[in-house]
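One structure below.
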Amino acid sequence: MARLYIFLFFVLLASSCTEEESRTISTDLSVEALQHFKLSKAFSESIYLGNISYQDYFRISSAELPGCPTIDRSLQSRIITLDYSKPLECTQENNKTRTGKIILDFTLSNTSSPTWIMTYEEYSVEGIKVSGTRQFRAITSNETEASFENLEIELPKNLAFLIKGKTNHSVSRANFRPFALSTRGNLEGINPAGRNFNLVITEPKEQLFACYRQGWFLTQTGKESIKIARGIERDVVYTTTYQTPTGCNPNVTAILPDGRIFLLNP
């Protein structure tokens, strides 16, 4: 009987090791790279909106924002609501489906230490849901810092990321209107597989407003590094590069942990 127990013990141990090895082998690097690209895309998509000032929103029309939302401007409360459930008719080169609202609370933006809050209300873009808030503060007249805790980005099939971090932004202007946005910083969190990850923008991500107003919300240039924990294994690192030779739709490529190059966009 003792021999039988010993035999069963080693069978269970071998099975456990096999399952652990199977989990390791079954990790599809290209799928993981694509998921994290979608995270980065949804995370960056609305950053421009948080860097448009309260005054700018009275000079910008709905047609100049991707998805052409109805813009509700409140003079009394200093709250701007972008309602994508009531989009206006407009023509944009890269028209993507959006739902819900983005609410910008500028109540404290005209104080000696200007701050404002961006809140997502049942918001989604291309079927990717974004929920939570970002807190912005002005560093200079053209520079801001955004911080966020428990920001959730959910891909289709309930594949959710929970993230926190800080990003810094620099807004270029032409004739007092926003012309381009530069973003740097990092974020960290848990990916859909339950693994901890860290994303660092290693080369500033540049976004042109001329492209943004035509619906092209991907950054035109930049580079980011994504490190994903593998438990007892070594961490793996992906490097994503954004390049736009012409037009507004960038070529986005990832160098996978095994050295292969994977095209993410277009």
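The values are calculated or read from the model by the stated rules, or taken from the named source; none is laboratory data. Computed from a predicted structure; not experimentally measured. In this analysis, Cβ positions are derived from the backbone assuming ideal geometry, glycine residues included, and neighbour counts consider all displayed protein chains. These accessible areas exclude ligands, DNA and RNA; they are computed on the full protein's heavy atoms, side chains included. Shrake-Rupley method; radii C 1.70, N 1.55, O 1.52, S 1.80 Å.
Structure data summary
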read-out: Residue ID - farthest from residue 258 (Cα to Cα), chosen from residues in the stretch 214-224 that are open to solvent by less than 30 Å² (accessible area, probe 1.4 Å) and not hydrophobic (A, V, I, L, M, F, W, C); value: 215
read-out: Residue match in the stretch 191-213 (condition: β-branched (Val, Ile, Thr), touching a Ser or Thr at 6+ places or on another chain (Cβ under 6 Å) and open to solvent by 70 Å² or more (accessible area, probe 1.4 Å)); value: yes
read-out: Count of residues meeting criterion [under 18 Å from residue 200 (Cα atoms), of a type outside the set (S, T, N, Q), crowded, with 16+ Cβ neighbours inside 10 Å and free of Cβ contacts under 8 Å to residues at least 40 places away in the same chain] in the stretch 237-266; value: 2
read-out: Complete set of residues in the stretch 140-177 that are open to solvent by less than 70 Å² (accessible area, probe 1.4 Å) and aromatic (Phe, Trp, Tyr); value: 148, 161
read-out: Residue list for the stretch 189-240, restricted to those being under 26 Å from residue 49 (Cβ atoms) and charged (D, E, K, R); value: 203, 205, 206, 213, 223, 224
read-out: For residue 109: the one exception among (1) assigned to a helix (DSSP H, G or I); (2) surrounded by 15 or more Cβ atoms within 10 Å (Cβ to Cβ); value: (1)
read-out: Pair list, Cβ < 6 Å and 6+ apart or interchain, from the stretch 131-158 residues that are under 15 Å from residue 54 (Cα atoms) and of a type in the set (Phe, Trp, Tyr) to residues that are open to solvent by 20 Å² or more (accessible area, probe 1.4 Å) and part of a strand (DSSP E or B); value: 136/116
read-out: Candidate set: the stretch 226-236, residues that are at pLDDT 90 or above and assigned to a loop (DSSP other than H, G, I, E, B); chosen: the one most open to solvent (accessible area, probe 1.4 Å); value: 235
read-out: Matching entry among 95, 51 (being in contact (Cβ under 8 Å) with a residue 12 or more places away in the chain and out of contact with any strand residue (DSSP E or B) (no Cβ under 8 Å at 6 or more places or on another chain)); value: 95
read-out: Within the stretch 179-188, tally of residues that are more than 13 Å from residue 47 (Cα to Cα) and either crowded, with 20+ Cβ neighbours inside 10 Å or β-branched (Val, Ile, Thr) (or both); value: 1
read-out: Tally, over the stretch 179-218, of residues that are out of contact with any Pro (no Cβ under 7 Å at 6 or more places or on another chain) and touching a residue at least 40 places away in the same chain (Cβ under 8 Å); value: 13
read-out: Wholly within the stretch 115-225, strands (runs of 3 or more DSSP E) carrying at least 2 residues that are of a type in the set (A, V, I, L, M, F, W, C), more than 23 Å from residue 63 (Cβ to Cβ) and under 17 Å from the mean Cα position of the chain (by Cα); value: 128-138, 143-155, 159-174, 177-190, 196-208
